[in-house]
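Just so you know, all these numbers are worked out from the coordinates, no wet-lab data involved. In this text, all values refer to a predicted model and were calculated from it rather than measured experimentally. Cβ atoms come from the backbone with ideal geometry, glycine included; neighbour counts cover every protein chain shown.
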Amino acid sequence: MSNTLKTLCQSAVLAALSLSVMTAGATAQTAETEAKAAPVDTPVNTLFGDWAIRCDAVTVTRNICRLMQEQVLRTDNTLVVRMMGLPATEDGAVMLAQVPMGIYLPGGAVFRLENDAEAEQVEMIWQRCFAQVCEAAIALTAEQVDMYDTGGSILFGYRTGPEAEPIVTRVNMENFSAGIAALKASEE
């Protein structure tokens with residue numbers, strides 16, 4: 001990964017982590033200094049296919065927003081994966097995946113295009129575990145954002161143990177690029 005992409009990934013992860021820490025009780029002032037906040041007029045709850053813009057207030061006039069898609073088990077509402085997208089300072093995006101604690105970190109967090117058996121599997125980088133979730137991230141170029149958007153869906157997976165069968169779920173990527181563009185426009 002290039003230094004620029006690594007820096008973009010780290011910056012976006014810090015923004016998402018600040019949001020998670022803030023919702024766990026950190027002060028709004030701390031979250032605002034650690035993350036680039038979006039203006040209050042960001043289109044909160046706007047849907048982009050299976051994606052939605054979700055925002056949390058950090059002050060009376062500022063929000064931190066991200067594109068989000070969450071999948072839970074129907075039987076008991078247990079989190080399977082929470083996927084998030086954040087615009088990067090360049091034309092790409094950072095995609096984050098949050099999964100429940102208790103996963104097998106060496107097993108990785110991976111995804112590939114669903115309808116392309118020849119597609120290369122992409123490994124996300126585990127960032128840390130906190131507040132009952134573990135988080136992986138990857139920086140995407142603008143071309144990758146468009147490719148995954150037009151590709152339809154990805155299959156995302158992780159393991160709970162070294163010998164455990166992988167947990168694989170389908171994540172609809174349609175309209176991901178439109179959601180990222182809306183977030184980016186609201187920051188300008």
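Taking a ≥ b ≥ c as the square roots of the eigenvalues of the alpha-carbon gyration tensor, segment 99-188 is classed oblate because a/c is 1.5 or more while a/b is no larger than b/c. Positive-end ranking of Thr78, Asn115, Leu105 along the dipole of segment 78-132, with charges on Cβ about the Cα centre, is headed by Thr78. Dipole magnitude for segment 66-188: computed about the Cα centre from +1 point charges on Lys and Arg Cβ and -1 point charges on Asp and Glu Cβ, it is near 540 debye.
When the inverse distances between all different Cα atoms of segment 81-148 are averaged and flipped, the Kirkwood radius reads 12.9 angstrom. Sorted largest first, the spans of the alpha carbon positions of segment 61-113 along the three principal axes are 36, 29, 21 Å.
Taking amide H as placed 1.01 Å from N in the peptide plane, Val94 has its amide H under 5 Å from the amide H of Leu86, Ala88, Leu140, each at least 5 places away in sequence or on another chain. The amide H of Gln127, built 1.01 Å from its N in the peptide plane, has Glu135, Ala136, Ala137 as neighbours under 5 Å, considering only residues 5 or more places off or on other chains. Across q = 0.15, 0.17 Å⁻¹, segment 35-141 modelled as identical point scatterers on its alpha-carbon atoms has Debye log10 I(q)/I(0) values of -0.77, -0.97, in the order of the q list.
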